[in-house]
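What follows is a set of notes on a single structure, which appears directly below.
The values are calculated or read from the model by the stated rules, or taken from the named source; none is laboratory data. The shown structure was predicted, so the numbers you read here are calculated from the model rather than taken from an experiment. Ideal geometry is used to build each Cβ from the backbone, glycine not excepted, and the neighbour counts take in all protein chains shown. These area figures cover heavy atoms from the full protein model, side chains too; ligands, DNA and RNA do not enter into them. Shrake-Rupley method; radii C 1.70, N 1.55, O 1.52, S 1.80 Å.
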Amino acid sequence: MKLLTIIYDSSIEASMRELLEALQIPGVTHLYDVHGHGGRGPKMNTPVHPGTNHVAWVVVPAEDVSRLHRAIRRLQGSFRLKPGVTLLSQDVEVLP
């Protein structure tokens, strides 16, 4: 199994949620209004550094990672101004 961490610009929340639902991801955990800095600069929800990110965690079989990766990159590319999206993947074991 793989744990995907999806860090994305809060402005695309509705689109990301719709995409994950359309992909029939059985479970998603969200964390909203995360502050940080990366390729698109700081997002601290202040007048100087406006904006925030959201984080979604999903656990999927390893063979589904490529499908999710492609779909998320297509979503990102569908916006006129490309929003920040970072994808991380790591091996996990789901404990009973």
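Quick one: accessible area per residue over the chain, 1.4 Å probe, rounded to a whole number of Å²?
Working: 6160 Å² over 96 residues.
That works out to 64 Å² for each residue.
For V92, what charge total do you get from the other residues with a beta carbon under 14 Å from its beta carbon, if Lys and Arg give +1 and Asp and Glu give -1?
Residues close to V92 contribute a combined charge of -2.
When the convex hull of the C-alpha atoms of the chain is computed, what volume per residue in Å³ does it have? Show your work: numbers first, answer last.
On the way: hull volume 9.7 nm³, N = 96.
Per-residue hull volume (Cα only) is 102 Å³.
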Virtual spin-label span in nm between R74 and Y32, 7 Å along Cα→Cβ: 2.8 nm
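Can you give the FRET efficiency to the nearest 0.05 for L88 and V48, using r as the Cβ-Cβ distance and R₀ = 25 Å?
Details: r = 27 Å, r/R0 = 1.10.
Efficiency, from the Cβ-Cβ distance: 0.35.
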Degrees separating the helix 65-77 axis from the principal Cα axis of the chain, which is the longest one: 20 degrees
Karplus 3J(HN,Hα) series, Hz, for the stretch 80-90 with 6.51 cos²θ - 1.76 cosθ + 1.60 (x for Gly, Pro): 4, 9, 4, x, x, 9, 10, 10, 10, 10, 8
Amide hydrogen neighbours beyond the local backbone of K2, cut-off 5 Å, H modeled: V60, A62, V92
Low-density loop positions, trypsin sites (Lys or Arg not before Pro), the stretch 56-89 - DSSP coil, at most 10 other Cβ in 10 Å: R80
Candidates per chymotrypsin sites (Phe, Trp or Tyr not before Pro) in the chain, loop by DSSP, up to 14 other Cβ within 10 Å: F79
